[in-house]
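Taking it in order: structure first as structure tokens, then the write-up.
The values are calculated or read from the model by the stated rules, or taken from the named source; none is laboratory data. These numbers come from a predicted model, not from an experiment. Positions of Cβ are backbone-derived with ideal geometry, glycine not excepted, and every protein chain shown enters the neighbour counts.
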Amino acid sequence: MGEYSKALVFYKKALDIEEKILTSNHPSLAISYSNIGNVYDCIGEHTAALSSHEKA
């Protein structure tokens with residue numbers, strides 16, 4: 001538990017793949033951006049969290 005930096009790396013890798021194969025309005029992208037935002041929130045990076053959640 002608490003391995004937020006690893007989670008962030010993997011969520012970003014997944015997002016990179018999804019952005020290449022999915023349309024820009026695909027629901028999976030929103031989920032990925034939300035997951036990234038949640039991790040940023042957990043580590044106290046609230047500005048980055050807000051940005052990710054806005055993209056979701």
**Asked** What's the number of the condition G2 fails, among (1) modelled with pLDDT of 95 or more; (2) over 13 Å from the mean Cα position of the chain (by Cα)?
**Response** (1)
**Request:** Kindly list the number of the only condition in (1) in a helix (DSSP H, G or I); (2) at pLDDT below 95 that fails for Y40.
**Result:** (2)
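Residue by residue, here is whether (1) surrounded by 16 or more Cβ atoms within 10 Å (Cβ to Cβ); (2) small (G, A, S); (3) in contact with a helix residue (DSSP H, G or I) (Cβ under 7 Å, 6 or more places away or on another chain) holds:
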{"residue": "L8", "(1), (2), (3)": "yes, no, yes"}
{"residue": "K13", "(1), (2), (3)": "no, no, no"}
{"residue": "D16", "(1), (2), (3)": "no, no, no"}
{"residue": "L22", "(1), (2), (3)": "no, no, yes"}
{"residue": "S28", "(1), (2), (3)": "no, yes, yes"}
{"residue": "G37", "(1), (2), (3)": "yes, yes, yes"}
{"residue": "E45", "(1), (2), (3)": "yes, no, no"}
{"residue": "S52", "(1), (2), (3)": "yes, yes, yes"}
